[in-house]
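Participant: Have a look at this one before I ask anything.
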Amino acid sequence: MMAEPIITSRDLHLYYGKKEALKGIDLEIHENEITAMIGPSGCGKSTFLRSLNRMNDLIPNVTITGSVLYNGQDIYSPKTDTVELRKEIGMVFQQPNPFPFSIYENVIYGLRLKGVTDKQELDRVVEESLKAASVWEDVKDKLHNSALSLSGGQQQRVCIARVLAVDPKIILLDEPTSALDPVSSGKIENTLLELKDKYTMIMVTHNMSQASRISDKTAFFLNGDLIEFDRTKKIFLDPAKKETDDYISGRFG
């Protein structure tokens, strides 16, 4: 029997003003998998990703219908505490966005908000999170230096550590390597593969080879529609839909 999905979107529509950006998306995400979302620019994949922790709430004129169930609860219910939701469903953005504080303070930012003050606990979380994000060896001797002094790839891994520090269940990644060089991108990909045992990850990427290398399942979006969703090997080697085949083989997009 299949395990229950950790996230399910049902008939999810999203409008920016009158423009329909998501056209009734039905998708199930399972635990401890990396799901890649691919498709041309403006096709709805980042919009869908941001719907999963209600980041689109921050944009004016957005209307959302349908539901997103997280562990069986609709996150769009008025009872949802969005602060708690975003701790459980963390987000890593396209551009590394460390705060202008020390590396240490970046990582424990979420714990400070929760009121954690025990120095031993904070030290432990900093070390564990930076190790999990594969950047501890790079920064362990300069934890009190500004995070902005790091390279782009290191900054992005500190941002991943910041998300891990609050112990999320799901990590959303919006093109997490597109601003980075190939070596840094490779390190982030390896980090994500190592984290898969503990977290469920959903990643938007324009990089086809990245999607094929590290994801378990792939969703192909086009013009606000989910065209196809399947195991990554199937999507890349034997897609069911002609549009998917055309996009993957570079005939458009």
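The values are calculated or read from the model by the stated rules, or taken from the named source; none is laboratory data. Please read all numbers here as calculations on a predicted model, not as lab measurements. Quick reminder, even Gly has a Cβ in these numbers, built from the backbone with ideal geometry, and neighbours come from all protein chains shown.
Participant: Going through region 10-46 one residue at a time, which ones are more than 25 Å from SER212 (Cβ to Cβ) and touching a residue at least 40 places away in the same chain (Cβ under 8 Å)? Let's see the steps before the verdict.
Facilitator: Step one: filter region 10-46 for residues more than 25 Å from SER212 (Cβ to Cβ), giving 10-21, 23-24.
Selection gives ARG10, ASP11, LEU12, HIS13, LEU14, TYR15, TYR16, GLY17, GLU20, ALA21, LYS23, GLY24.
Participant: I'd like to check something: does region 69-89 contain any residue that is in a strand (DSSP E or B), touching a residue at least 60 places away in the same chain (Cβ under 8 Å) and touching a Pro at 6+ places or on another chain (Cβ under 7 Å)?
Facilitator: Taking every residue of region 69-89 in turn, at least one turns out to be in a strand (DSSP E or B), touching a residue at least 60 places away in the same chain (Cβ under 8 Å) and touching a Pro at 6+ places or on another chain (Cβ under 7 Å).
Participant: To continue, here is another question. Based on what the data block shows, is PHE220 modelled with pLDDT of 95 or more, in contact with a Leu (Cβ under 8 Å, 6 or more places away or on another chain), surrounded by fewer than 23 Cβ atoms within 10 Å (Cβ to Cβ) and farther than 25 Å from TYR109 by Cα?
Facilitator: Spelling it out, it is not the case that PHE220 is modelled with pLDDT of 95 or more, in contact with a Leu (Cβ under 8 Å, 6 or more places away or on another chain), surrounded by fewer than 23 Cβ atoms within 10 Å (Cβ to Cβ) and farther than 25 Å from TYR109 by Cα.
Participant: Any chance you could count how many residues in region 6-32 are part of a loop (DSSP other than H, G, I, E, B) and either surrounded by 18 or more Cβ atoms within 10 Å (Cβ to Cβ) or of a type in the set (Phe, Trp, Tyr) (or both)?
Facilitator: So the answer is 1.
Participant: Return the residue satisfying two criteria in turn: it lies in region 45-68 and is charged (D, E, K, R) and part of a helix (DSSP H, G or I), and of such residues it is nearest to ASP26 (Cα to Cα).
Facilitator: The qualifying residue nearest to ASP26 (Cα to Cα) is LYS45.
Participant: Return the residues of region 54-69 that are aliphatic (A, V, I, L, M) and either surrounded by 13 or more Cβ atoms within 10 Å (Cβ to Cβ) or touching a Leu at 6+ places or on another chain (Cβ under 6 Å) (or both); say none if nothing qualifies. Reasoning before the result, please.
Facilitator: Going residue by residue through region 54-69, those that are aliphatic (A, V, I, L, M) are 55, 58-59, 62, 64, 68-69.
Residues satisfying the conditions are MET55, VAL62, ILE64, VAL68, LEU69.
Participant: If you don't mind, there's one more thing I want to ask. Does ASN145 fit the bill of being within 27 Å of SER178 (Cβ to Cβ), without any contact (Cβ under 8 Å) to a residue 60 or more places away in the chain and surrounded by fewer than 16 Cβ atoms within 10 Å (Cβ to Cβ)?
Facilitator: Judged against the criteria, ASN145 is a match.
Participant: Moving to a separate point now. Take the conditions of a type outside the set (A, V, I, L, M, F, W, C), within 21 Å of ASP230 (Cβ to Cβ) and touching a strand residue (DSSP E or B) at 6+ places or on another chain (Cβ under 9 Å) and apply them to THR35. Does it pass?
Facilitator: Spelling it out, THR35 is indeed of a type outside the set (A, V, I, L, M, F, W, C), within 21 Å of ASP230 (Cβ to Cβ) and touching a strand residue (DSSP E or B) at 6+ places or on another chain (Cβ under 9 Å).
Participant: Within region 33-53, which residues are of a type in the set (Gly, Ala, Ser) and either more than 19 Å from the chain's Cα centre (by Cα) or surrounded by 15 or more Cβ atoms within 10 Å (Cβ to Cβ) (or both)?
Facilitator: First, the residues of region 33-53 that are of a type in the set (Gly, Ala, Ser): 36, 39, 41-42, 44, 46, 51.
Hits for region 33-53 are ALA36, GLY39, GLY44, SER46, SER51.
Participant: Suppose we filter region 148-169 for residues that are in contact with an Asp or Glu (Cβ under 8 Å, 6 or more places away or on another chain) and surrounded by fewer than 20 Cβ atoms within 10 Å (Cβ to Cβ); how many remain?
Facilitator: 2
Here is a yes/no grid of residues against (1) small (Gly, Ala, Ser); (2) touching a Cys at 6+ places or on another chain (Cβ under 9 Å):
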{"site": "LEU173", "(1), (2)": "no, no"}
{"site": "ALA179", "(1), (2)": "yes, no"}
{"site": "LYS187", "(1), (2)": "no, no"}
{"site": "THR200", "(1), (2)": "no, no"}
{"site": "SER209", "(1), (2)": "yes, no"}
{"site": "LEU222", "(1), (2)": "no, yes"}
{"site": "GLU228", "(1), (2)": "no, no"}
{"site": "THR244", "(1), (2)": "no, no"}
{"site": "ILE248", "(1), (2)": "no, no"}
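Participant: Now for a separate question. Just the residues that are within 10 Å of the chain's Cα centre (by Cα) and buried (at least 22 other Cβ atoms within 10 Å of the Cβ), please, taken from region 171-204. Don't jump to the end; show me each part of the working.
Facilitator: From region 171-204, those within 10 Å of the chain's Cα centre (by Cα) are 171-176, 200-204; that's our starting set.
Within region 171-204, ILE171, LEU172, LEU173, PRO176, THR200, MET201, ILE202, MET203, VAL204 qualify.
Participant: Still on this structure, I have one more. Considering GLY90, GLY72, which residue is within 30 Å of GLU194 (Cβ to Cβ), buried (at least 18 other Cβ atoms within 10 Å of the Cβ) and not hydrophobic (A, V, I, L, M, F, W, C)?
Facilitator: Residue meeting the stated conditions: GLY90.
Participant: Taking the conditions exactly as written (part of a helix (DSSP H, G or I), of a type in the set (A, V, I, L, M) and farther than 24 Å from SER51 by Cβ), does LEU148 satisfy them or not? It would help to see each step written out before you state the result.
Facilitator: Numbers: part of a helix (DSSP H, G or I): yes; of a type in the set (A, V, I, L, M): yes; farther than 24 Å from SER51 by Cβ: yes.
Against the criterion (part of a helix (DSSP H, G or I), of a type in the set (A, V, I, L, M) and farther than 24 Å from SER51 by Cβ), LEU148 qualifies.
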